[in-house]
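Asks: My questions all concern the structure below.
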Amino acid sequence: MVTGQADGAELMIWLNEHGGCCALQPGAPKVRIDGQLWWLSHWRTHHNGKSWNYIQFRRVHRTWHVNNLTLYPFVRRIERLGLVRPGWWMENIEAGFELWNGGRGLATTKYVVRAVRSRGIGGRA
């Protein structure tokens with residue numbers, strides 16, 4: 001995709017948050033992924049005539065860092081829920097934060113992604 005807005009899904013994995021943005025849906029379920037509890041919230045969002053699934057995993061017990069966070073279990077969960085399809089491409093991965101209240105104390109100090117092709121995700125290699 002060179003221009004425009006993707007219209008499949010947006011997956012957000014929040015380790016921590018300060019409030020002020022994106023409230024959880026009422027009754028958002030807790031799910032266990034790789035030994036940790038996460039709230040799972042999702043809805044259809046719209047922008048510039050496009051719509052897509054917004055999917056948010058928000059860690060129940062907040063943390064400031066993780067090591068070896070594997071994305072595959074999150075993707076498998078939302079595939080089973082029908083929120084993404086196995087043939088879809090992963091367009092990008094970002095690490096950081098969204099500024100809602102000044103941004104003091106927020107920083108990304110190290111970020112590494114290792115691509116491992118897993119069965120059932122993405123298009124052709």
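The values are calculated or read from the model by the stated rules, or taken from the named source; none is laboratory data. The structure presented is a predicted model; accordingly, all values stated were derived computationally and were not measured. With ideal geometry, Cβ positions are generated from the backbone for all residues, glycine too; neighbour counts draw on all protein chains shown.
Rundown of residues vs (1) at pLDDT below 90; (2) under 17 Å from Met12 (Cβ atoms), yes/no style:
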{"position": "Arg59", "(1), (2)": "no, yes"}
{"position": "Val66", "(1), (2)": "yes, yes"}
{"position": "Gly96", "(1), (2)": "yes, yes"}
{"position": "Ala115", "(1), (2)": "yes, no"}
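Asks: To continue, here is another question. How many residues are at pLDDT 90 or above and of a type in the set (Gly, Ala, Ser) when one looks only at the range 29-49?
Replies: 2
Asks: Now for a separate question. Please verify whether the range 23-42 includes one or more residues that are over 29 Å from Ala107 (Cβ atoms) and surrounded by 15 or more Cβ atoms within 10 Å (Cβ to Cβ).
Replies: No; the residues of the range 23-42 include none that is over 29 Å from Ala107 (Cβ atoms) and surrounded by 15 or more Cβ atoms within 10 Å (Cβ to Cβ).
Asks: Quick check on the range 44-61. Is at least one of its residues in contact with a helix residue (DSSP H, G or I) (Cβ under 8 Å, 6 or more places away or on another chain), aliphatic (A, V, I, L, M) and in a loop (DSSP other than H, G, I, E, B)?
Replies: No: zero hits.
Asks: Every residue in the range 42-58 that is under 19 Å from Pro26 (Cβ atoms) and not polar (S, T, N, Q), please.
Replies: Step one: filter the range 42-58 for residues under 19 Å from Pro26 (Cβ atoms), giving 42-45, 53-58.
Across the range 42-58, the qualifying residues are His42, Trp43, Arg44, Tyr54, Ile55, Phe57, Arg58.
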